[in-house]
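Take a look at the structure set out below.
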Amino acid sequence: MNIYSTQFDHLENGPERIYSLSVGAPSTYLRQKCAELVQKATLSLHKSEHCPNAFQYGAEAGSIAFRSELAKFLSEHYADTVDPEDLWTNAGASQGLDFLGHSFFQAGDLVFVEEPAYFIGLMALRDDLGMKVIGVPSDDDGMIVDELEKLMIEHSNELKPPTDKKPYSALVYCVPTFNNPTGSCLSAERCKKLITLLRKHNMLALCDDVYNLLSFTDGIPPPQRLFSFDNKSDPDYKGNVISNGSFSKVLGPGLRLGWMEVPERARKVLKTSAYARSGGCFNQYLSCVISVALQEGLVKEHLLMARKVYRTQLDALCNALDQYLPGQCSYQKPKGGYFVWVTLPPEVDCDKLFDICKKKYLVEFNYGSRFCATPGKFKNCIRLNFAFNEPNVIEHCVKQIAQALKESFGCQ
């Protein structure tokens, strides 16, 4: 029995083992490698004369050591300069989303979200923050910015006037790079157009940038993040993008550690937060551990290894989809990230397919209707994760889903 409980204990603790293609987390193998990394870095930290400060209230944005090492690491792997002054330590992207949402918005404010959208992000914005969610269509190049502009104009009378404490009139929430759930990337042309819209309508784009480092194209850097398109040297620059990142997908979600790239006008607001001032850095001790790991090259080594593992597992998933799924099914193989979005024949109700697969075939996945802001969409779509399982388990799961499609829906 696992004495350290996790969100996924139900997969093994029921009457029969369930295999999951829904879990968006690293495999047991990679988490063990993460444990070894943390152990090495912790031993080095505890030998340092500065170690006692790791147990003190940290500076609100995080220690200079962590932000400096992180900026160097991100600059290398983004192939784009990251300024340590822009970085603010979070306790994972979910905590970052909650902190930023409460800092800049209130119940009833507008948030435009791409569809399909990360379902827990949707829940946080709609249910926790009480914002009014408006879905924006997307395609293989990400959010369709022309459609966003139409919706902005349609809802322009609902935009709130800015104040010193709430400087933005509305929010745009997106996963622009290796999207969750589709794996798509917002094109450079659309990134530029989106920046123009954000500035014109005084909106903030909050980017869930947790997959950017997981690019599987050797020697080619990941797509340029939206934050870098909001160029400080532009004459009309104001600071309309925040990049919300995390080590959860690269190292392990149990660390609860990540970062935000935040423009100066937004940082001024965050610095007044009693929540941040009371506890200081949201994860002081672990940020000190990981700053040592960054300095010693351990995180870079782990990232390069993780990319190879994930790419192998992605290939296993796509090979299985090609081999076993009926011909009417379609998907786009992503170039990074965690997920493959599969469109099944229109007559397939994936809510029902999920129930059948879990009860009869002991396999689960995420069904498409969870990812919509507008009810009734994506009923024939599923999101499959390739990061959590070994290739043989991935193949087994796809075979079971294919069998369910044939037996229950007549798909050949």
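Bear in mind that the values in this text are calculations on the coordinates, not laboratory data. Note that this is a predicted model, so its numbers are computed, not measured. Neighbour counts run over all protein chains shown; Cβ positions are idealised from the backbone, glycine included.
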In Hz, Karplus ³J(HN,Hα) per residue of region 239-248 (6.51, -1.76, 1.60; θ = phi - 60°; x = Gly, Pro): x, 10, 9, 10, 9, 10, x, 7, 8, 4
Longest exposed-site-free window of the chain, the sites being trypsin sites (Lys or Arg not before Pro) in a DSSP loop that have at most 12 other C-beta atoms within 10 Å: 272-412
Pop a pseudo-label 7 angstrom from the Cα along the beta-carbon direction at both ASN392 and GLN39 and give the gap in nm to one decimal. 2.5
For region 89-233, with +1 on Lys and Arg beta carbons and -1 on Asp and Glu, the positive-most of TYR211, SER169, GLY183 along the dipole: SER169
Among LEU362, LEU129, LEU11, determine the one that fluctuates most according to a GNM of the chain built with springs between C-alpha atoms less than 10 Å apart. LEU11
Considering only C-alpha atoms, what is the centroid distance from region 216-249 to region 67-106, in Å? 11
Which percentage, to the nearest 5, of the DSSP beta bridges contained in region 12-155 is antiparallel? 25
Per-residue Cβ contact counts at 10 Å, fewest first, order VAL133, VAL175 as VAL133, VAL175
LYS166: which lysines have alpha carbons under 30 Å from its alpha carbon, excluding same-chain residues fewer than 8 sequence positions away? LYS132, LYS150, LYS192, LYS193, LYS200, LYS232, LYS238, LYS268, LYS271
Restrict the search to region 206-260; then list the chymotrypsin sites (Phe, Trp or Tyr not before Pro) that DSSP places in a loop and that have at most 14 other Cβ atoms within 10 Å of their Cβ. TYR237
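What fraction of the DSSP beta bridges in region 87-222 is antiparallel, stated in percent and rounded to the nearest 5? Can you show the working numbers first?
On the way: 2 of 16 bridges.
Of the beta bridges lying entirely in region 87-222, close to 10 percent run antiparallel.
Of all GluC sites (Glu not before Pro) in region 46-76, which ones are in loop regions per DSSP and have a Cβ with at most 16 other Cβ atoms within 10 Å?
Working: sites: GLU49, GLU60, GLU69, GLU76; in loops: GLU49, GLU60.
Taking region 46-76 and a limit of 16 other Cβ atoms within 10 Å, the loop GluC sites (Glu not before Pro) found are GLU49.
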Once both labels are modelled 7 Å past Cα along the beta-carbon direction, what's the GLU264-LYS358 spacing in nm? 5.0
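When the expected Rg is taken as 2.2 N^0.38 Å, what fraction or multiple of it is the alpha-carbon Rg of region 1-135?
Output field value: 1.38.
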GNM on the chain, C-alpha springs below 10 Å: top fluctuator among ALA188, ALA71, ALA274? ALA274
Anything in the chain that counts as a DSSP H helix reaching 15 Å or more along its axis (C-alpha) with Kyte-Doolittle mean of at least 0.5? List them, would you? 284-295
Fewest-first sequence of ILE220, ILE401, ILE134 by Cβ atoms within 10 Å of each Cβ: ILE220, ILE134, ILE401
Between SER48, SER369, SER169, where does the largest GNM mean-square fluctuation fall for the chain, given springs only between Cα atoms within less than 10 Å? SER48
Let's see if you can work this out: charge +1 on each Lys and Arg Cβ, -1 on each Asp and Glu Cβ, no other charges. What is the dipole magnitude of region 48-296 about its Cα centre, in debye to the nearest 20? 780
Per 0.36 nm of contour for each residue apart, how much would the distance between CYS51 and ASP9 grow if the chain were fully extended, relative to their Cα-Cα spacing? 11.6 nm
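Can you give me the Rg/Rh ratio for the chain, using Cα atoms for both radii and the Kirkwood formula for Rh? Mind dumping the intermediate values first?
Working: Rg = 21.4 Å, Rh = 22.2 Å.
In the chain, Rg relative to Rh is 0.97.
Calculate how many DSSP beta bridges within region 48-296 are antiparallel, expressed in % of all such bridges and rounded to the nearest 5.
Bridges in region 48-296 that DSSP calls antiparallel: roughly 35 percent.
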On a C-alpha basis, how far is the centre of region 1-44 from the centre of region 339-412 in Å? Whole number, if you could? 23
Sorted by chain and then number, the residues having a modelled amide H within less than 5 Å of the amide H of SER138, at least 5 places away or on another chain, are GLU115, ILE144
Checking the cross-link filter: which lysines have an alpha carbon closer than 30 Å to that of LYS33, excluding same-chain neighbours under 8 positions apart? LYS47, LYS72, LYS249, LYS300, LYS308, LYS333, LYS335, LYS399
Using a ≥ b ≥ c from the Cα gyration tensor of region 284-412 (square roots of the eigenvalues), is it rounded, prolate or oblate, where a/c under 1.5 gives rounded and otherwise the larger of a/b and b/c decides, a/b for prolate? prolate
